[in-house]
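Since the structure comes first, as structure tokens, the remarks are kept for the end.
The values are calculated or read from the model by the stated rules, or taken from the named source; none is laboratory data. What you are looking at is a predicted structure, and each value in this text was computed from that prediction instead of being measured. Here the Cβ positions follow ideal geometry from the backbone for every residue, glycine too, while neighbour counts run over all protein chains shown. With ligands, DNA and RNA removed, areas are computed over all heavy atoms of the protein, side chains included. Shrake-Rupley method; radii C 1.70, N 1.55, O 1.52, S 1.80 Å.
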Amino acid sequence: QMTLVESGGGLVQPGGSLRLSCVASGSAFRISYMKWYRQAPGKQRDLVASISPGGTYTNYADSVKGRFTISRDNAKNTVYLQMNSLKPEDTAVYYCFAAAGALDYWGQGTQVTVSS
């Protein structure tokens with residue numbers, strides 16, 4: 001069993017930055033593929049970024065490449081999403097996701113609003 005708790009969302013002006021954190025419970029974190037998704041109102045939930053268990057491999061949606069960085073600290077059971085040069089179209093609820101073998105886990109989400 002794994003519980004994921006996101007934090008770090010909020011209101012930011014266009015061009016600003018935010019760093020999201022997702023803290024996981026349990027020892028399965030270090031063997032889990034971690035991902036960040038986002039869902040804007042009326043739209044489907046889309047994959048934003050992913051990172052391998054050891055942190056070696058990362059992948060990004062085209063819309064965030066060069067602006068967002070995913071990272072993880074296995075000693076702290078935490079995955080991060082550094083978001084720079086934010087745009088209004090980045091406004092969404094951001095969800096943390098863990099693929100731990102045969103089981104998947106979701107966090108409750110954190111709201112990010114980019115607006116002047």
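Some observations on this one:
- Restricted to the stretch 1-30, and to residues there that are polar (S, T, N, Q) and under 11 Å from the mean Cα position of the chain (by Cα), the residue that is least open to solvent (accessible area, probe 1.4 Å) is Ser21.
- Residues that are open to solvent by less than 10 Å² (accessible area, probe 1.4 Å) and under 14 Å from the mean Cα position of the chain (by Cα) within the stretch 79-106 comprise Val79, Leu81, Met83, Asp90, Ala92, Tyr94, Cys96, Ala98, listed in sequence order.
- Of the strands (runs of 3 or more DSSP E) lying entirely inside the chain, not one is found with 1 or more residues being in contact with a Pro (Cβ under 6 Å, 6 or more places away or on another chain) and either at pLDDT below 95 or small (Gly, Ala, Ser) (or both).
- Residue match in the stretch 40-54 (condition: under 16 Å from the mean Cα position of the chain (by Cα), among the hydroxyl-bearing types (Ser, Thr, Tyr) and open to solvent by 40 Å² or more (accessible area, probe 1.4 Å)): no
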